[in-house]
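Undergrad: If you scroll down you'll find the structure; I have some questions about it.
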Amino acid sequence: MRKVLAVLMVFLFFTSQAISQIDWEATIDVASSSFGNIHPRIVTDASGNPIVIWGKSNNLLFSRWNGTGFTNAITLNPDTISIAVASWMGPDIAAHGDTIYIVFKQTPESSNASPIWCIRSFDGGLSFSSPFQVDNIDNNFSRFPSVTTDPDGNPIIGFMKFDSTFSNPRWVVTKSIDFGNSFLPDVLASGWSNSNSEVCDCCPGTITSAGNNLAMLYRDNDNNIRDSWAGISNDLGSTFNTGMNIDQHSWMISACPSSGPDGIILGDTLYATYMSGASGVVKVYFSKSSLSEMTGSAGNLLSESSPAIGVQNFPRISNKGKAVALAWKQFVNGEIQLPILFTEDITTGLPSTFETIAFGGVSNLDLVLSSENIYIVWQDDNSGTVKFRSGTYSMPTLIRDNILVDDLISYPNPSAKAWTIEGSAAYPNLIIELYNTQGVLVYSSLIEINNGYFLHEIDNSNLISGIYVLKLGHNNYQQSIKLLKR
């Protein structure tokens, strides 16, 4: 383990800008209360439709938007696997176009016969694979899986790992380069505060990535100083050479607070949100840290200081390009609320005041952004249901910074008949080429861009099974992704 001396950098990151206009739809239930409501999580498919998972007892429930409403909830785990779920932790989900990965921990957690499992879908949740084991760790224990994807749509999974005596808790990361068919040995991602530190063993973590950068966010435990940290990888989780304190409030507490950080990566910046009680009152904070300089920053309160605002917890953050939204749970004059902060451009800061979109039985929550919508789900303990609310905003003109294609996605991937490639581009046309693993060109075409958008289908029915590299080019710019033919 290494010790990193984080340089204190205070960012006055809140501005006086007004809240961007969001047109909210009415709140609805994802499913009836008979299906439970514990710890919901949400992503979107290739078409921007919301997909929701949550827990009931020891089961994993799933529903997706079909254009007019949510489909009937189904159970995804087999009867032989009981999953770990509570209001503050549970299964996680990531999506890359219509490729979806869901990870969950089997119970009992304190058994090496209870691994972490992953299931996947290549068709936007219409069908799922059988569970396959992620944590091949012999006699050790694991918990708290979190999942993200690389630019090609492969899963990268972080989880907490223990020795066989349920001691020495630390965060590790394992990745797949074949869409989950196999996983590489896990690598250590935590342990940056002190050579004798551990991680806070009852606090979930979050793994997030963009480009080649990846961050494993977690709560550290350095002699009961429980700040939020991030292990940083510049090769998508193959190695972790450093980490930084993204909190810096030095919260001294002898008991685990059961609440972990969340974050996103945009360019060279890690934006993070977390809970801390260092001030004497449990509050949520927001920090901005440079990945190249590795100078973790002290966070600022997410809301204005007010005697009426009491305990805050469970903050979540999501982005679509530079548009960013944050939401959390809080008590105001004893009433539970779900507030949200939103900006169309995070580089200009966050608004100084929040908008409250729900009251009452809010317990835990999650949110995701598409190019025009904000989708929020939460565990509502008054009704016993997962609540869902959507809002519409105007996406600003993208600042591309020499990015060839924005929001490039491919689906289904893997595919047996054809791949659909779509995205947004600033140039009038693109050259698309497909190569096999020997570097032989097997397909090429010119793509015309209409109103900044393209949709292109590649017939692969005559190609042999295997991995292919798709390259998009315009003059000196080029982007590539991997495709899998079944």
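The values are calculated or read from the model by the stated rules, or taken from the named source; none is laboratory data. Here the structure is a predicted model, which is why all the values come from computation and not from measurement. Cβ sites come from the backbone with ideal geometry, for glycine too, and all protein chains shown count toward neighbours. Note: areas computed on protein heavy atoms with side chains; ligands, DNA, RNA excluded. Shrake-Rupley method; radii C 1.70, N 1.55, O 1.52, S 1.80 Å.
Undergrad: Scan the range 50-68 for residues that are in a loop (DSSP other than H, G, I, E, B) and at pLDDT 95 or above and report the count.
TA: 1
Undergrad: Next question. Any chance the range 186-195 includes a residue that's open to solvent by 40 Å² or more (accessible area, probe 1.4 Å), free of Cβ contacts under 8 Å to residues at least 60 places away in the same chain and within 24 Å of Val85 (Cβ to Cβ)?
TA: Yes, because at least one residue in the range 186-195 is open to solvent by 40 Å² or more (accessible area, probe 1.4 Å), free of Cβ contacts under 8 Å to residues at least 60 places away in the same chain and within 24 Å of Val85 (Cβ to Cβ).
Undergrad: Can you tell me how many residues in the range 152-175 are among the basic types (Lys, Arg) and touching a residue at least 40 places away in the same chain (Cβ under 8 Å)?
TA: So the count comes out to 1.
Undergrad: Of all the strands (runs of 3 or more DSSP E) wholly in the range 248-364, which have at least 3 residues that are under 20 Å from the mean Cα position of the chain (by Cα)?
TA: 262-266, 269-276, 283-290, 309-320, 323-332, 335-343
Undergrad: On to the next question. Please find, among Ser82, Ser129, Ser121, the residue that is more than 27 Å from Asp407 (Cβ to Cβ) and of a type outside the set (Asp, Glu).
TA: Of Ser82, Ser129, Ser121, the one residue that is more than 27 Å from Asp407 (Cβ to Cβ) and of a type outside the set (Asp, Glu) is Ser82.
Undergrad: Here's another thing I want to ask about it. Quickly run through the range 294-351 and pick out the residues that are open to solvent by 40 Å² or more (accessible area, probe 1.4 Å) and β-branched (Val, Ile, Thr).
TA: Residues satisfying the conditions are Val311, Thr347, Thr348.
Undergrad: Okay, moving on. Restricting to the range 419-477, and then to whatever is small (Gly, Ala, Ser), touching a residue at least 24 places away in the same chain (Cβ under 8 Å) and farther than 16 Å from Asp152 by Cβ, can you tell me which residue is surrounded by the most Cβ atoms within 10 Å (Cβ to Cβ)?
TA: That would be Ala425.
Undergrad: Among (1) assigned to a loop (DSSP other than H, G, I, E, B); (2) within 30 Å of Thr165 (Cα to Cα), which single condition is Lys105 missing?
TA: (1)
Undergrad: Would you be able to tell me the number of residues in the range 12-33 that are part of a strand (DSSP E or B) and either open to solvent by less than 40 Å² (accessible area, probe 1.4 Å) or at pLDDT 95 or above (or both)?
TA: Total satisfying the criteria: 3.
Undergrad: Give me the pairs, please: first residue somewhere in the range 351-379 and on the phi > 0 side of the Ramachandran plot, second residue anywhere and crowded, with 16+ Cβ neighbours inside 10 Å and not in a loop (DSSP other than H, G, I, E, B), beta-carbon distance under 8 Å, and either six or more positions apart or on two chains.
TA: Gly360/Ile336; Gly360/Asp380
Undergrad: On to the next question. In the range 118-138, what residues are in a strand (DSSP E or B) and either open to solvent by less than 20 Å² (accessible area, probe 1.4 Å) or in contact (Cβ under 8 Å) with a residue 40 or more places away in the chain (or both)?
TA: Within the range 118-138, Cys118, Ile119, Arg120, Ser121, Phe132 meet the criteria.
Undergrad: With the requirement that a residue be touching a residue at least 60 places away in the same chain (Cβ under 8 Å) and open to solvent by 20 Å² or more (accessible area, probe 1.4 Å), what does the range 207-223 give you?
TA: Ser209, Gly211, Asn213
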